[in-house]
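The values are calculated or read from the model by the stated rules, or taken from the named source; none is laboratory data. This one's a predicted model, so the numbers in the text were calculated from it and none came from an experiment. So basically every Cβ, Gly included, is an ideal-geometry build from the backbone, and we count neighbours across all protein chains shown.
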Amino acid sequence: MTETKIATTTSGSGDFLGSMASLAEAVANVRRIDEVWAQADAVFGEVIGHRMFTVLRYVEERGEVARLYTNKPDAYPVGGTKPMGPTPWGELVLKRGKPFVGPDADAVRWAYPDHETIIGMGLESALNLPMRLSGETLGTINLTHQSGYYHDGHLQAGSILAALLTPLLVQYPSEHSSNHETRIS
């Protein structure tokens, strides 16, 4: 699969800044949000690497997250929602807006109630990046990979890429958060 990439390295098909610029252009100009998520999936894969890529919208007033995009729709379909009760992961990522780096299966077990499914897919390392604006968490970018893959060195590039995508969540209508073909205005 994809090798580890960090901000100071070049990616296989272009440089890190070129990938970021391409994604920024998509955020600014593409009208179909599902196309932007697909491009983000490719850029995160190129720059950081992942086996599973998911975008979740956090709806604090309803206490739930909604899946806006995934590259594994058979296991995790778009539109799925789940209540987010008080968990240590939720406190860290959703409430405090801090990223989570889980290097191994024990970290995946700590973070996710559905850890058996995730680990069963051979995904034993996680990187969760909050998407925040004005001190509020609007969603998360979630990457998973083989055991030992993610480390703190991925945070800089990941945080920049997540911040680039955050404005999409402001325009994304929460009442239609499960419609992956929603057009943004």
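Laid out as a table, the results:
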quantity	calculated
Pair list, Cβ under 9 Å, 6 or more apart: segment 116-130 residue within 17 Å of Gly153 (Cα to Cα), other residue acidic (Asp, Glu) and modelled with pLDDT of 95 or more	Ser125/Asp104
Selected residue (criterion: farthest from Arg51 (Cα to Cα)) from residues of segment 107-162 that are of a type in the set (Val, Ile, Thr) and touching a strand residue (DSSP E or B) at 6+ places or on another chain (Cβ under 8 Å)	Thr137
Subset of segment 96-105 that is in contact (Cβ under 8 Å) with a residue 12 or more places away in the chain and part of a loop (DSSP other than H, G, I, E, B) - its residue that is nearest to the chain's Cα centre (by Cα)	Pro99
Residue count, segment 81-106 (criterion: more than 24 Å from Ser147 (Cα to Cα) and β-branched (Val, Ile, Thr))	1
Residue count, segment 16-36 (criterion: farther than 25 Å from His151 by Cβ and either in contact (Cβ under 8 Å) with a residue 12 or more places away in the chain or among the β-branched types (Val, Ile, Thr) (or both))	10
Residue check for Val108: among the hydrophobic types (A, V, I, L, M, F, W, C), at pLDDT 95 or above and more than 13 Å from the chain's Cα centre (by Cα)	yes
Hits in segment 52-109 - residues which are aliphatic (A, V, I, L, M), in contact with an Asp or Glu (Cβ under 8 Å, 6 or more places away or on another chain) and within 20 Å of Leu168 (Cβ to Cβ)	Leu94
Considering residues of segment 48-95 that are more than 16 Å from Ile118 (Cα to Cα), in a strand (DSSP E or B) and of a type in the set (Val, Ile, Thr) only, the residue modelled with the lowest pLDDT	Thr81
